Amino acid sequence: MREPTRMVLTDEGPALVSGPVEIETPDGGVVRSDRPVTALCLCRRSRRWPICDTSHRTKVREGDRPC
Amino acid sequence: MLIPTARGPVSEAVVEALRGGPVRPVDPDDPYGDDLQLALHCCYELHYRGYPGVSPDLEWDPALLTLRRELERAFVSALRADVPAGDDVDAEVAALLVEPVGPQVRGVSHHLHRAGELWQLREYIVHRSIYHLKEADPQAWVIPRLSGPAKAALVTVEHDEYGGGTPDHMHSALFAAMMRELGLDEAYGAHVDRVPAPTLAEVNLMSLCGLHRELRGASVGQFAMVELTSSPGSERLVRGMRRMGCGEAAIRFYDEHVEADAVHEQVVRRGVLTPLLEAEPELAADVVFGIRAALHLGDRLGEHLLGCWERGESSLRP
């Protein structure tokens, strides 16, 4: 039997999937990711949905920590 | 790559040694200053690509290593004095994952996103080139100092930085392509003489922590800081570059980092930090030191850039 694909559901954000993956979206499109690990957006806030762009992070207005 | 021009007696001593002269004793002054940081940069460069016409043997020259050690001690002492100590890695990571937003946030990527001009972006990229043209190299030195799951996860991220086996996808190659698109010289080392001490200090911290096994926790901390904070900053740069009318070929480097570093954050937290601290809990204080020292030097560079630009001045050396 084939080894199952392990997916990690994080508590704060995306689901992590190993290996190159193709993701079929509801509109019939296919998004391919060749990364060793892909972070799939579950919160739908990503501007690059279905790929995570860290938009799930907590935001504070007018912080002063330079980036 | 040319041997840089000395900026004072300490860097003069190193440059003279590179040119084949004897290693003179030095008396380091300002640990964050141009003279010491350039001297340290040149010492470290012998461990990366070296200099044409300079004997590769100088990499392990005892007199030059003794001098380098003195400069490193001055630099580390200053960092230890200026960075508050701590050992709560979870709290440190949680703080990095909170994203300040709004028009008042002060930061280079925020400025370039909102209002930066193309000449400022080009200057920013010149500063960044000191690291990005050897992206991931300083952290590669920490690999043999780790073991088990932390090592495997760190290599997963490094592998991605090196293009996953495709040379054209190496992040250093994407950075060089962006420089070409923006009309900047992408040759390795081309801009060292033009960048000031705060730029060299950031990269010197990476080399320092990579080359000293004693500082492997700090190396991982520095790496974690970059991987945890880079995705939102890269998104701001992408949007700023689009606003400035940059083409897709120029934008690709930062565009790639939005997605790549969203994943790297997860791999570094779950795959590197957690197992590393389970295996070696005594490294927690050094991980925090690496995070805070990197933030401290990043703030210094950010203030230099924003301060110069607010005065309408170039942030580069003449």
- prompt: Counting only residues 5 or more places away or on other chains, whose amide H sits under 5 Å from the amide H of residue A:59 once H atoms are built in the peptide plane?
  reply: B:99
- prompt: Of the residues B:48, B:124, B:32, which exhibits the maximal mean-square fluctuation in a Gaussian network model of chain B defined by a 10 Å Cα contact cut-off?
  reply: B:48
message: Taking beta carbons within 10 Å but only from partner chains, what does the mean come to for residues B:248-258?
response: 1
- request: Give the shape of region B:64-198 as rounded, prolate or oblate, defined through the alpha-carbon gyration tensor: a ≥ b ≥ c are the square roots of its eigenvalues, a/c under 1.5 means rounded, and otherwise the shape is prolate if a/b is larger than b/c and oblate if not.
  value: rounded
- prompt: How do B:299, B:137 line up, fewest other C-beta atoms within 10 Å first?
  reply: B:299, B:137
message: Can you order the peptides B:5-17, B:79-91, A:35-47 by their average number of other Cβ atoms within 10 Å per residue, highest first?
response: B:5-17, A:35-47, B:79-91
- prompt: Going from the alpha-carbon gyration tensor of the protein assembly as shown, what semi-axes, largest first and in whole Å, does one get by taking the root of 5 times each eigenvalue?
  reply: 34, 24, 20
query: Taking neighbour Cβ counts within 10 Å as the exposure measure, how do B:192, B:108, B:155 sort from fewest upward?
result: B:155, B:192, B:108
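Every read-out reported here was derived from the displayed coordinates using simple, explicitly stated rules and does not represent laboratory data. What you are looking at is a predicted structure, and each value in this text was computed from that prediction instead of being measured. Using ideal geometry, Cβ is built from the backbone for each residue, glycine included, and neighbour counts are taken over all protein chains shown.
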